[in-house]
Amino acid sequence: MIHLTNITKQHGSQLLFQDASLQILASSRAGLVGPNGAGKSTIFRLITREEEPDKGEISCAKKTVIGYFSQEVGEMAGRSALDEVMAAAAEVTDLGEQMREMEAAMGLPMEDEEMAALLERYGNAVEEFEHRGGYDLEARAQAVLTGLGIGPDAYLRPVESFSGGWKMRIGLAKILTINPDVLLLDEPTNHLDVESIVWLEEWLSAEFKGALLMTCHDREFMNRIVNRIIEVAGQSVTTYSGNYDFYLREREIRREQLLASYRRQQEMLAKEEDFIARFAARVSHAAQVQSRIKKLEKIERIQLPPEQKVVRFDFGEPPRSGDDVVRMEELSKVWPQDAGQGRPSVAGAKDGTGATTGEQRSVFGGVTGVIRRQEKIAVVGVNGAGKSTFLKVLADQVTPSSGTVSIGAGVLTGYFSQHSMELLNPEFTVFETVQAVIPTGNIGVIRNLCAAFLFQGDDVDKRIAHLSGGEKSRVVLATLLAQPLNFLILDEPTNHLDIQSREVLLEALQKFTGTVILVSHDRHFLRQLVDRVFAIDHGAMHTYEGDYGYYLRKSAEDTL
């Protein structure tokens, strides 16, 4: 369907691709991977013709409809959520209107040739209308919105009343609804909860028949959806046939094979160069020397791709806490409702109770239990169930409506949320920010800690103001794990992190000998880390005494 052949592309002084090629075939499912700045987003923009290659050719089958979802959804205003999604399929709607006009024209008298031409146009229009899913357009738009967590009660809400994260869902719904031939998705699982991610998996697997190319930081999502990986790295593009886990294994095998070939070639070159050096001055060996010089000139030298350095950092042993880290007795939280929008008011936080409108919504209630030392607990539940509020209560950021939270002896708490990134000093560098929390650490220790969270070389001198959301997350997490804390409360620590960064954090938390309770939508992360699950459902808290896989099995049994 789409072919990029011998593409060369340069941004300023940075050469992204040189003679790179890739194909997007009909019905294929491909994941696009590579380090930040390697050119993944440029691949998308080349396909959509937002950018042109410096050299090479891009070919696309005629009438191919391309849908592109990026993290820049643009301004949304003046429509309801459903109308905004429907507006993305304006061409399909216009085609339906043209069909109705042609149907009306068929009832009028006309010449046979004119009628034959009209029938041909009408037939083409019907075929295209069916192909684009025009007959069930509104039903599809509603189903997609609902699947992404925006139910019927919110279809008619003004789109400008939604927060940024929910607008991203509406933007994704627009692209899915147009049912394109080629679907380009740039981080589609950002801002989605687990339920919406599972729905998107099922929709892409069962409903979508076109070709898919996507970037994604959710490892499990990638493994379930894609059957090809396209790696962008080292100014080249390499295709692997398999899912993400297969790609990791195959890449290592290929690298070992390349390294072995490189070593053999280096040994051969060394012998030839040694022969040339020893006999270059001898007339009797002149022909042999010249022959070997020409041979070396013709040999294509094997180039090793730059190796991604992974620095390990041994975090200090946190001080031991008591065996009971947190005790909860009949804990509950009720938010006052905002009468205008029917949404919980922000009043009631620790810094003030605020006025209520009379109506209240229970977030969770009757929670009694104990968090024990060295447990790693996941808090799960549908979007809006109160997971973040529960963590805030544990972190003493929000006052409970009733009940008590008792922190155990010797417990030193660290709390991470998306708000934590806003507390960073924008004028500090990465190095200065980390140094501030371990002032007694020497330069080597601080640099190793920064490197463990993927800030290497000159990256440590970047100012916080110039960092991306993912980079800021890594800084905050590094400062947390550098401190002598033994109880970590983490609200969406994997948001904005790429797969490599998530693996770094996962390994650090697996080695952490303190206690962890967290909310995350990354199922691979939860499977590899937690040994207990708290599930918030309709205001009640259910405890599962097992890992994340156990929770999934038991919760599935409970719904039967």
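If you check every pair at least six apart or on different chains, which have Cβ atoms under 9 Å apart with a residue in the range 33-45 that is without any contact (Cβ under 8 Å) to a residue 40 or more places away in the chain first and a residue that is among the hydrophobic types (A, V, I, L, M, F, W, C) second?
Correct list of pairs: Gly37/Leu16; Thr42/Leu16; Thr42/Phe17; Thr42/Val232.
Looking at (1) free of Cβ contacts under 8 Å to residues at least 24 places away in the same chain; (2) surrounded by 11 or more Cβ atoms within 10 Å (Cβ to Cβ), find the lone condition where Gly107 falls short.
That leaves (2) as the condition not met.
Scanning for something polar (S, T, N, Q) and at pLDDT 90 or above, does the range 111-134 turn up at least one residue?
No, the range 111-134 contains no residue that is polar (S, T, N, Q) and at pLDDT 90 or above.
I'm trying to understand the selection: among the residues of the range 271-312, which are under 29 Å from Gln18 (Cα atoms) and at pLDDT 85 or above?
If the condition is that a residue be under 29 Å from Gln18 (Cα atoms) and at pLDDT 85 or above, then Ile293, Lys294, Lys295, Leu296, Glu297, Lys298, Ile299, Glu300, Arg301, Ile302 are the ones that fit.
Please work out which residue is surrounded by the fewest Cβ atoms within 10 Å (Cβ to Cβ), limiting yourself to the range 436-471 and to residues that are over 26 Å from the mean Cα position of the chain (by Cα) and under 28 Å from Leu391 (Cβ atoms).
In this case the residue turns out to be Ala436.
Of the residues Leu200, Leu204, Leu192, Leu185, which single one is surrounded by 18 or more Cβ atoms within 10 Å (Cβ to Cβ), part of a loop (DSSP other than H, G, I, E, B) and either assigned by TED's automatic domain parsing to the domain that holds Arg224 or free of Cβ contacts under 8 Å to residues at least 40 places away in the same chain (or both)?
So the residue among Leu200, Leu204, Leu192, Leu185 that is surrounded by 18 or more Cβ atoms within 10 Å (Cβ to Cβ), part of a loop (DSSP other than H, G, I, E, B) and either assigned by TED's automatic domain parsing to the domain that holds Arg224 or free of Cβ contacts under 8 Å to residues at least 40 places away in the same chain (or both) is Leu192.
Which residues, counting only those in the range 152-182, are closer than 25 Å to Val226 by Cβ and not in a helix (DSSP H, G or I)?
Across the range 152-182, the qualifying residues are Ile178, Asn179, Pro180, Asp181, Val182.
If you take the residues of the range 538-549 that are of a type in the set (Gly, Ala, Ser) and part of a loop (DSSP other than H, G, I, E, B), which of them is farthest from the chain's Cα centre (by Cα)?
Restricting to residues being of a type in the set (Gly, Ala, Ser) and part of a loop (DSSP other than H, G, I, E, B), the top hit is Gly539.
A quick yes/no check of all residues on (1) without any contact (Cβ under 8 Å) to a residue 12 or more places away in the chain; (2) part of a strand (DSSP E or B); (3) closer than 28 Å to Ala451 by Cβ:
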| residue | (1), (2), (3) |
| --- | --- |
| Thr238 | yes, yes, yes |
| Gln266 | yes, no, no |
| Glu272 | no, no, no |
| Ser284 | yes, no, no |
| Ala287 | yes, no, no |
| Lys295 | no, no, no |
| Ile302 | no, no, no |
| Gly316 | no, no, yes |
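Given the residues Glu75, Glu52, which is the only one that is exposed (fewer than 13 other Cβ atoms within 10 Å of the Cβ), within 25 Å of Gly165 (Cβ to Cβ) and not assigned by TED's automatic domain parsing to the domain that holds Gln500?
Sole residue among the options that is exposed (fewer than 13 other Cβ atoms within 10 Å of the Cβ), within 25 Å of Gly165 (Cβ to Cβ) and not assigned by TED's automatic domain parsing to the domain that holds Gln500: Glu75.
Determine which member of the set Ser70, Ser28, Ser13, Ser41 is over 21 Å from the mean Cα position of the chain (by Cα) and of a type in the set (Gly, Ala, Ser).
Ser13
Looking at Val159, is it under 27 Å from Glu97 (Cα atoms), in contact (Cβ under 8 Å) with a residue 40 or more places away in the chain and not small (Gly, Ala, Ser)?
So Val159 passes the test.
Name the residue, out of Thr543, Thr494, Thr515, that is surrounded by fewer than 20 Cβ atoms within 10 Å (Cβ to Cβ), touching a residue at least 60 places away in the same chain (Cβ under 8 Å), β-branched (Val, Ile, Thr) and closer than 18 Å to Lys387 by Cβ.
Step by step, each of Thr543, Thr494, Thr515 is checked, and only Thr543 is surrounded by fewer than 20 Cβ atoms within 10 Å (Cβ to Cβ), touching a residue at least 60 places away in the same chain (Cβ under 8 Å), β-branched (Val, Ile, Thr) and closer than 18 Å to Lys387 by Cβ.
Of the conditions (1) part of a helix (DSSP H, G or I); (2) surrounded by fewer than 11 Cβ atoms within 10 Å (Cβ to Cβ), Arg278 fails just one. Which one is it?
(2)
Does the range 480-533 hold any residues that are of a type in the set (Phe, Trp, Tyr) and farther than 22 Å from Asp218 by Cβ, and which are they?
Within the range 480-533, Phe487, Phe512 qualify.
Which numbered condition trips up Asp396, out of (1) in a loop (DSSP other than H, G, I, E, B); (2) farther than 25 Å from Asp547 by Cα; (3) touching a helix residue (DSSP H, G or I) at 6+ places or on another chain (Cβ under 7 Å)?
Status for Asp396: all satisfied but (3).
Could you please find all residues in the range 514-539 being touching a strand residue (DSSP E or B) at 6+ places or on another chain (Cβ under 7 Å) and over 24 Å from Leu485 (Cβ atoms)?
Listed by number, the residues that qualify are Ala535, Ile536, Gly539.
Among the residues that make up the range 134-142, is at least one of them out of contact with any strand residue (DSSP E or B) (no Cβ under 6 Å at 6 or more places or on another chain), closer than 30 Å to Arg523 by Cβ and without any contact (Cβ under 8 Å) to a residue 24 or more places away in the chain?
yes
Against the condition closer than 29 Å to Ile150 by Cβ, hydrophobic (A, V, I, L, M, F, W, C) and surrounded by 18 or more Cβ atoms within 10 Å (Cβ to Cβ), how does Val237 come out, does it pass?
No.
Restricting to the range 412-429, what's the tally of residues that are over 25 Å from Asn486 (Cβ atoms), at pLDDT 90 or above and not in a loop (DSSP other than H, G, I, E, B)?
1
The values are calculated or read from the model by the stated rules, or taken from the named source; none is laboratory data. Predicted model, so just to flag it, every value in this text is computed and none were measured. Neighbour counts run over all protein chains shown; Cβ positions are idealised from the backbone, glycine included.
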